[in-house]
1. What fraction of the DSSP beta bridges in the chain is antiparallel, stated in percent and rounded to the nearest 5?
2. For the chain, what does the relative contact order come out to in percent, with C-alpha contacts under 8 Å and a separation of six or more?
3. Cut-off is 10 Å between beta-carbons; in what order do 433, 174, 373 appear when sorted fewest neighbours first?
4. Sequence gap at least 6, Cα distance under 8 Å: using those rules, report the relative contact order of the range 283-396 to the nearest whole percent.
5. If I take the Cα coordinates of the range 129-185 and project them onto the principal axes, what are the three extents in Å, biggest first?
6. Would you give the gap between the C-alpha center of the range 369-434 and the C-alpha center of the range 178-223, rounded to a whole Å?
7. Tell me, Kirkwood radius of the chain from alpha-carbon pair distances, in Å?
8. Using only Cα atoms, locate the centre of the range 243-261 and the centre of the range 12-49, then give the distance between them in Å, rounded to an integer.
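Every number in this text was worked out from the coordinates using simple rules, so none of it is lab data. Just so it is clear, the model here is predicted, and its values are computed rather than measured. A quick note on method: Cβ atoms are made from the backbone with ideal geometry, for glycine too, and the neighbour counts reach across all protein chains shown.
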């Protein structure tokens with residue numbers, strides 16, 4: 001096995017045992033990028049010399065004092081709306097073609113201070129909101145989208161170019177690429193991870209998350225971010241775990257591959273001993289899709305007003321329309337949307353307890369659509385993003401076009417670590433062939 005094929009957890013163990021150097025891992029990832037990225041286009045910026053210099057410095061630190069943390073030496077991709085002090089942050093916008101902020105975003109600062117190796121900046125939808133799409137392609141079929149707006153991050157991890165990467169989510173920009181690229185992801189509880197140094201389009205909705213190749217990878221990063229540990233006991237096996245099978249109010253948008261994926265995951269969990277029962281959300285939750293649209297459009301209009309005033313001619317038309325309030329959201333309607341979300345969040349939290357441990361629901365309508373003009377439909381994530389609840393994406397298998405399809409597990413707010421612990425015991429049942437992508441993409 002080549003180093004680039006390792007999960008982050010496997011690589012961390014080898015680095016800690018001094019069986020793998022940071023430079024060896026970095027060179028392996030860079031070689032993979034050189035071989036594959038001309039077709040996948042996951043990256044907007046990679047400085048090979050800088051990566052090797054930084055890798056050698058991390059190796060020196062490890063020799064002298066041992067790894068700084070479990071993240072020591074692990075390569076990272078950073079979505080290009082997230083600031084890095086030593087790399088440009090273009091936001092895939094013609095307005096900012098080569099901007100250097102000379103600072104790290106808080107999330108980058110945390111992993112860099114933990115010893116992580118920042119490999120480069122990954123492509124994104126413009127401002128992670130609208131306008132230009134990323135050039136990134138799905139590693140399983142380059143004719144299809146890898147999803148978005150975290151397009152490059154999802155494709156880079158899915159194509160084994162990097163073991164870990166940051167994404168962000170305002171609607172479904174993080175979880176959907178995980179499904180389309182056959183990888184794992186955590187979208188944390190809203191506002192739990194600092195967004196300082198991340199380009200904002202919605203102060204209510206924007207959330208920083210991360211990709212990995214297994215649940216243990218996600219936990220590795222959660223530990224670095226000091227996400228609160230669960231006080232509630234976590235079972236040691238799927239047996240007896242109470243799973244709510246939630247089609248959600250978006251079920252009308254499901255495709256055959258998405259339905260098969262959800263039902264397959266449910267049956268696999270039943271076969272493993274979990275108690276899977278149909279779960280329906282209370283009626284007020286049916287209006288959260290419209291509330292999300294009111295909030296994202298209005299807050300986006302506030303966010304892009306500076307570019308509207310300074311760079312109107314090259315600001316994308318759909319971003320101009322947000323500033324112009326093309327949706328026609330009145331102050332009264334916006335307040336009602338905020339109020340609905342505020343009331344549904346604690347109501348959702350109260351649904352969990354002795355009768356419900358976790359919700360199982362689709363992460364996308366189905367397989368990745370064909371073409372780069374689209375990133376797919378975010379309808380199966382918007383509500384959960386507005387509720388600020390943690391979501392873990394897990395692959396299930398392949399659809400009729402042989403493209404990955406996945407599901408997401410969801411828990412109440414601030415249950416991120418418990419949700420990850422539950423995902424760790426449920427994922428082996430859900431993801432029945434975790435090495436399939438490795439065999440197909442790497443030969």
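1. Of those bridges, close to 65 percent are antiparallel.
2. 18
3. Placing the least packed residue first, the sequence is 373, 433, 174.
4. Answer for the range 283-396 is 30 percent.
5. Largest first, the range 129-185 extends 27, 23, 15 Å along its Cα principal axes.
6. Measuring centre to centre over Cα atoms gives 12 Å.
7. 21.6
8. Centre-to-centre distance over Cα atoms comes out at 37 Å.
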